[in-house]
Every structure is written in structure tokens, then in C-alpha cells.
Amino acid sequence: MFNPKISKEEVNQLPIAEFTGKIVLVDTRKVIDKALDELFEHPIVGIDTETRPSFTRGIAYKVSLLQLATSDTAYLFRLNKVGFPKRLIEFLSDEKILKIGLALRDDFNGLAKQRKFKAAGFIDIQNIAKDYGILELGLQKIFAILFGQKISKSQRLTNWENDVLTEAQKLYAATDAWATLQIYLRLSQEKKLSKKELDAIIAQVNEENN
């Protein structure tokens, strides 16, 4: 059984986890079809997005980057450079391909501002972690509970519309999408808790917090 909660201090003491596979930067039209040809061959991928941060009230930017990752390859679609092609929409709308993410509503809302699409085949880690006794909602903490490693968030507030992404940005983006997939694959190996078991865990956590 997994620990239901983990503190920020405990997470910070863990070793860093990083994606070690191949990173494919999709920043030109000619790379799109090849990347999607490969992605359509996979029944399940991790997904995430990155948006240029705004530090001014009233100013918001469109999604800059869409990451789709298998266990060994991460595809980084620079939407600010290649737009939102029709075939990418077809991939996101394919109910036969599972797309695993976290806090997907935020991703969908951001993507929908660029082009409307019907999302299908999506699973949000936040909606299933509780079934296994994990009461955290953030990617970093859920990953730490499952794997004893820390996902770095150091690049989150960098400029995702820079003309050239740094190696650190690419690795961060790839790791986030890969991590959601790894979480799902790990949880899929476990048995879901019964309502009685889950209620007991929640009661214990509440008691410890009082």
C-alpha cells in the first residue's frame, strides 16, 4: 500500500528523476507527419502542455508546447511555431489511443483557445490516484510517492516561446509528459482499494492533521 501523503520537505530530499529517452523537437511542418506516424503506433502516451508565463495582470499567452511521450521517446510540438495541425487534432480525438495526463482540464482549456477539438481517450491521474490510496493531486508528489524520486519544476516559469528552447527546457518538458505515463503504468499494476479501505486511510490522515 502506498503512503497517502508526502510533505514538500520529504520530496525535496529525494533524488531527481529525468527522462532518459529520445527527445524529438517538432518545430517544422515536415517533422509533424513523421512524429504523428510514430505516435499513432502507440496505444498509450503521456501528455502535458507548457505555456509562456505571464507576470502582468490581464495578459495571457496561448499554449506554446504540447508534449506527447512514450516510455522511450518524447515529442515536443512547438505550437507557437507549427500551429495546431488537423492531424494532431485527429490524434487527440482518437478514443483508441489512451492519453495520460494530470489536471487535464487546464490543458484542454488552453488548447481549445487555439482550435476546438473533441478530446477522447484521456485519463487524468488526479481522477484515479485516490483509488489506490494516494491523496495528493500534484505530479511531483504523486511521482515521489510511487517512485521515491523528485520531478524538478525549475523550468516551469521559463519562456516557452523563446526562439530556441534550451536543453534544460526540453528535458523538463519531456520528463513531465513521460512521468504521467509512468505513474499510470505503475498504478495499473496495483489493485484498487475498496471504499472501506479508502475511508479508513482518509480518516487516519484527517486524524493526523488534527
What are the residues in region 119-130 that are over 10 Å from Ile100 (Cβ atoms) and in a loop (DSSP other than H, G, I, E, B), if any?
Ala119, Ala120
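Can you say whether Ile6 is modelled with pLDDT of 90 or more and under 18 Å from Gln155 (Cα atoms), as far as the supplied structure shows? First the steps, then the outcome.
Details: modelled with pLDDT of 90 or more: yes; under 18 Å from Gln155 (Cα atoms): no.
No: the conditions fail for Ile6.
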List the number of the failed condition for Lys116; all other conditions in (1) over 22 Å from Val45 (Cβ atoms); (2) in a loop (DSSP other than H, G, I, E, B) hold.
(1)
For region 50-106, name all the residues that are at pLDDT below 95 and among the β-branched types (Val, Ile, Thr).
Thr51, Thr56, Ile59, Val63, Val82, Ile89
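Would you point out which residue out of Leu111, Leu185, Leu98, Leu165 is out of contact with any Ser or Thr (no Cβ under 6 Å at 6 or more places or on another chain), closer than 25 Å to Ile6 by Cα and aliphatic (A, V, I, L, M)?
Numbers: Leu111 fails: closer than 25 Å to Ile6 by Cα; Leu98 fails: closer than 25 Å to Ile6 by Cα; Leu165 fails: closer than 25 Å to Ile6 by Cα.
After applying the criteria, what remains is Leu185.
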Name the single residue that is farthest from Asn80 (Cα to Cα) among those in region 92-112 being among the basic types (Lys, Arg) and either touching a His at 6+ places or on another chain (Cβ under 6 Å) or surrounded by fewer than 13 Cβ atoms within 10 Å (Cβ to Cβ) (or both).
Lys96
What number goes with the only condition from (1) part of a loop (DSSP other than H, G, I, E, B); (2) charged (D, E, K, R); (3) under 13 Å from the mean Cα position of the chain (by Cα) that Lys191 does not pass?
(3)
Among the residues in region 139-152, are any without any contact (Cβ under 8 Å) to a residue 40 or more places away in the chain and on the phi < 0 side of the Ramachandran plot?
no
Is region 139-151 home to any residue that is of a type in the set (Lys, Arg), touching a strand residue (DSSP E or B) at 6+ places or on another chain (Cβ under 7 Å) and at pLDDT 95 or above?
yes
What is the number of the single condition among (1) modelled with pLDDT under 95; (2) assigned to a helix (DSSP H, G or I); (3) of a type in the set (Val, Ile, Thr) that Thr158 does not meet?
(2)
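When you look at Leu135, is it touching a Phe, Trp or Tyr at 6+ places or on another chain (Cβ under 9 Å), surrounded by fewer than 22 Cβ atoms within 10 Å (Cβ to Cβ) and in contact (Cβ under 8 Å) with a residue 12 or more places away in the chain, yes or no?
Working: touching a Phe, Trp or Tyr at 6+ places or on another chain (Cβ under 9 Å): no; surrounded by fewer than 22 Cβ atoms within 10 Å (Cβ to Cβ): yes; in contact (Cβ under 8 Å) with a residue 12 or more places away in the chain: yes.
Judged against the criteria, Leu135 is not a match.
Within region 115-128, which residues are surrounded by 15 or more Cβ atoms within 10 Å (Cβ to Cβ) and touching a Phe, Trp or Tyr at 6+ places or on another chain (Cβ under 9 Å)?
Of all residues in region 115-128, those surrounded by 15 or more Cβ atoms within 10 Å (Cβ to Cβ) come to 117, 119, 121-126, 128.
Phe117, Ala119, Phe122, Ile123, Ile125, Ile128, listed by residue number.
The values are calculated or read from the model by the stated rules, or taken from the named source; none is laboratory data. What you see is a predicted model; the values in this text were computed from it and never measured. Cβ atoms come from the backbone with ideal geometry, glycine included; neighbour counts cover every protein chain shown.
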